[in-house]
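Written below as structure tokens is the structure these notes are about.
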């Protein structure tokens, strides 16, 4: 296992969610799969929950029928966000888990190797294929001390982002260790592991120790515990965090890496506070907010929104009386699910500050084009809800007379296994038909990569372009996740409103190329961000560097990902320049080096690719699906 070399690992478990799962099920159909080959595969419905018309309901019916046909578990709408629900019901130390959601890495909180990947990787895993990836470096983070009052697990991962930014974890697996772990519960660790995705990390891993045993015991699954701890481990890269020295932190708009102390921005007016999401999904995260606002009213200019992360956690919150405390303080209680995190409702007013316990604040992700979203802990969020301005929660005793709450959480969790629908027996599943509504299109067939690409640069973008900017979330676009031709109309519209129209005009003649800066495709694992530009005629992306999941997704759907050998050459290319890549069918299998000719300026720039032989085969074939179907 040499860092940088391609490896393959067995897939024990998979998860999919509805915003990405419909494509996964279509891919299983295209691959002629008979039955899931994994130990556990679960389809959650947690993203596209608002049913303003028939589209989302059609997706849900399709997903249920596909689970019945292919042998997957099915979690109905409103059961909960996939990551904490999977952790509570299916997570096991030592197992591998891949999911078509970048925050699948939250499973590392239980000592799993949990990796977010594109949908086609998940479909392949369900079909019994291994997961291929480049062996990451292992980054050991030693934790010392204990978190002080008013500081929680969200501040730990925000500290990591403050130090290292959104590219700090690229091609690394983070392993947390040290005496500081003793004070972090399994759900605290979930908060930290979840947002490892924002660092660009392949995965985050915690040991399976007494905290994990206690979590599984509370869930009625202690028999699933097995101890996994690091002993005398060496790491490729190291860092250390003294938990006792941390203070409340907040990520300013519009990047999870734009982190500052809360006191540095205190006093900024706030119009919305949202608590929930996979980034702060534990009972403690809701209970601490409820205890802070108990007996008080939130600011009259503040919309205080609460999205329970699962039915089970909502039940525990209600048994504690905390739901009543939240409602009495002015909270708006929404259904269990991702909701505003993916822009499915709860869109803020343009330019108005929205504080959220979410993992991401990329531009426009909230559903509002000119949004101003901040990421923070439940303590900081509740403080702002009370005061109407960004407030360091340590100042609450003086400002509003709220002392730090001591929580009395139940020792045993509410367990509702009936809310999950088990797979059908194999013989019964054979007769199941997929329920396909009119909004569910077939996967497009893509032609093999041409030997010569001569095409204009239709778009030139900067650093850290996210998949939210390529294929936007939000209530307008998300209902079309199963309809590629329609979804393509939203592609890149946050960056260039006429991109889809311009791309369509030349799709069948020359197609086009995109030129990008560093970390192209960061964020969500949605493979739509590769498929819809490909549908619109994208042949190649030339970038300074790529985010891991999107780089793989491009290869999976036949888009050539190339990197500048000399980063300065990026500045020499302009939009509408014509680029030529020639002899690709011989060039790509021959090695990593390539060259592009800018015929507009009559200049040539050296390039390289990092594709394995397996990926080169897929790109040349126009994608992996035809190769997998033949196998």
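Rounded, prolate or oblate: which fits segment 10-115 when a ≥ b ≥ c are the square roots of the eigenvalues of the alpha-carbon gyration tensor, with rounded for a/c under 1.5 and prolate only if a/b beats b/c? Taking the square roots of the gyration eigenvalues as a ≥ b ≥ c, segment 10-115 is oblate. Compared with the alpha-carbon gap, the fully stretched path from residue 228 to residue 137 is longer by 30.8 nm at 0.36 nm per residue. What whole number of Å gives the distance from the Cα centroid of segment 214-251 to the Cα centroid of segment 384-444? Between the Cα centres of segment 384-444 and segment 214-251 lies a distance of 22 Å. In this simple spin-label approximation, residue 510 and residue 574 carry label points 7 Å from Cα along the Cα→Cβ vector, and these lie 1.5 nm apart.
For the peptides 307-315, 444-452, 576-584, residues were scored by their other Cβ atoms within 10 Å and the scores averaged per peptide; the highest-first order is 307-315, 576-584, 444-452. If the label point is 7 Å along Cα→Cβ of residue 599, which residues in segment 429-464 have backbone nitrogen under 17 Å from it? Within reach of a label on residue 599, which here means backbone N under 17 Å from a point 7 Å along Cα→Cβ, segment 429-464 contributes 450-458. Consider a paramagnetic label point 7 Å from the Cα of residue 370 along Cα→Cβ; state which residues of segment 339-355 have an amide N under 11 Å from it. Those under the cut-off are 350-352.
Which parts of segment 112-149 would a label at residue 182 reach, counting a residue when its backbone N lies under 20 Å from a point 7 Å out along Cα-to-Cβ? Residues 141-149 fall inside that zone. Counted over segment 251-399, the DSSP beta bridges are approximately 20% antiparallel. Here the sum of -39500 (n - 2.57) over DSSP H runs of 4 or more residues, divided by the residues of the chain, equals -7500 deg cm²/dmol at 222 nm, to the nearest 500. How high is the relative contact order of segment 432-542, in percent, counting Cα pairs under 8 Å that sit 6 or more residues apart? Result for segment 432-542 is 36 percent. Overall shape: oblate for segment 249-329, with the ratio a/c of the largest to smallest alpha carbon gyration tensor axis at 1.5 or above and b/c at least equal to a/b. With a ≥ b ≥ c taken as the square roots of the eigenvalues of the C-alpha gyration tensor of the chain, please select rounded if a/c is under 1.5 and otherwise prolate if a/b is larger than b/c or oblate if it is not? The shape class here is prolate. Between the C-alpha center of segment 558-631 and that of segment 172-205 there is a gap of 35 Å.
Extension gain for the segment residue 52 to residue 221, taken as residue separation times 0.36 nm less the Cα-Cα distance, is 57.0 nm to one decimal. Taking label positions 7 Å along the Cα-Cβ direction at both residue 37 and residue 497, the computed distance is 4.9 nm, reported to one decimal.
Only Cα pairs under 8 Å and 6+ residues apart enter the sum, and on that basis the relative contact order of segment 258-325 stands at 42 percent.
Counting only DSSP beta bridges whose two residues both lie in the chain, roughly 35 percent are antiparallel.
Fraction of C-alpha pairs exceeding 15 angstrom in segment 525-631: 63 percent, rounded to a whole number. Look at the alpha carbon pairs under 8 Å that are at least 6 residues apart: their mean separation over the length of the chain gives a relative contact order of 15 percent. Among 15-23, 332-340, 383-391, the peptide with the highest mean count of other Cβ atoms within 10 Å heads the list, and the full ranking is 15-23, 383-391, 332-340. Take the Cα of residue 409, step 7 Å toward its Cβ, do the same at residue 349, and the gap between the two points is 3.5 nm.
For residue 630 and residue 463 in one chain, what is 0.36 nm times their gap in residues minus the Cα-Cα distance, to one decimal in nm?
Length difference between fully extended and current span is 56.3 nm.
Bear in mind that the values in this text are calculations on the coordinates, not laboratory data. Computed from a predicted structure; not experimentally measured. Here Cβ is always computed from backbone atoms with ideal geometry, including for glycine, and neighbour counts include all displayed protein chains.
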